1. Karplus couplings for the stretch 210-218 from phi (6.51 cos²θ - 1.76 cosθ + 1.60, θ = phi - 60°), rounded to Hz, Gly and Pro as x?
2. Multiplying the sequence separation of Leu216 and His161 by 0.36 nm and subtracting their Cα-Cα distance, what value in nm do you get?
3. Placing unit charges on C-beta atoms (Lys and Arg positive, Asp and Glu negative, everything else neutral), compute the dipole magnitude of the chain about its Cα centre in debye, rounded to 20.
4. From largest to smallest, what semi-axes in whole angstrom does the stretch 30-83 give when each is the square root of 5 times an eigenvalue of its alpha carbon gyration tensor?
5. Can you sort Asp152, Asp106 by how many other beta carbons sit within 10 Å, fewest first?
6. Would you order Phe53, Phe108 from fewest to most other beta-carbon atoms within 10 Å of each residue's own beta-carbon?
7. Kindly provide the pair-distance distribution of the stretch 104-230 built from C-alpha pairs, with 10 Å bins from 0 and whole-percent values in order of increasing distance.
8. With a point put 7 Å past each Cα toward its Cβ, work out how far Ile223 is from Ala125 in nm, to one decimal.
Amino acid sequence: MNDKILKKVEYSGVNGGCTASSERIVRETALSIRIDGEHFATAMLMATMEKEFVVGHLYAQGIIAGAADIKSITIKDNVADVKLSGARSKTGPRLVHSDLKVRKEDVFDCVRAILKSEVFAETEAVHSAGIFLNGKKPVCIAEDLGRHHALDKVIGYGLLHNIDFSKTLAASTGRQPSEMILKCRNAGIPIIATKGVPTALAVEIAGEAGITIAGLVRGDTMIVYSHPERIE
């Protein structure tokens, strides 16, 4: 792990007395996104997979309809300059159409796979997300300070590698608020699984959009909050 990701800091540990020591903690990096020369957003993230993040973020936000909408991306000095190939493509609310069904054992395996982060093991300060083809084969696993940025990264990776999202399961750490489900809906991902729990609004959106949410995936148990027919 390089210095772009972690920084060594000095600290005082308090446990009955005070002890001077040091450890590495996660850096926050501000990445500014400009679209055709205009500022679009600034994201605080972990400085890995920046290109995938930008592509996934623009897609999940409905700015582009696919990677082909991007003419070029140049990332330098914490600024991502994006040039679009034509008019911006907004994606509106829609149903997720997929015939994907997965075994419950595969859901457990996917969640376990994203919990092997070396950065988390050292710092306990990042979230992980992954997408898995047919709910089995890992396509991409990414980490970031926020679960939503980690999901953007794996979605961006999928777009850049022509992955059919309708055949994927997304796994994510932490709770699942409505924003996470909307990203999956916009990408057309039919199943999302997590150790955490969804919010009430997330369950409502998933139910209307045709998305399966498997929460509290721990050990060999889970709670399926919406569209359980996809898990066998």
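All of the numbers you see were taken from the coordinates with simple rules; none came from a lab. Treat the numbers as computed from the prediction; the structure is a model and nothing was measured. Glycine gets a Cβ as well: all are built from the backbone with ideal geometry, and neighbour counts include every protein chain shown.
1. x, 9, 8, 10, 10, x, 6, 7, 9
2. 16.8 nm
3. Working: 29 positive and 28 negative charges, 60 e Å.
Computed about the Cα centre, the dipole is about 280 debye.
4. Over the Cα atoms of the stretch 30-83, the ellipsoid semi-axes are 16, 12, 10 Å.
5. Ascending Cβ contact count within 10 Å gives the list Asp106, Asp152.
6. Arranged by neighbour count, lowest to highest, Phe53, Phe108 become Phe108, Phe53.
7. 15, 51, 31, 3
8. 3.1 nm
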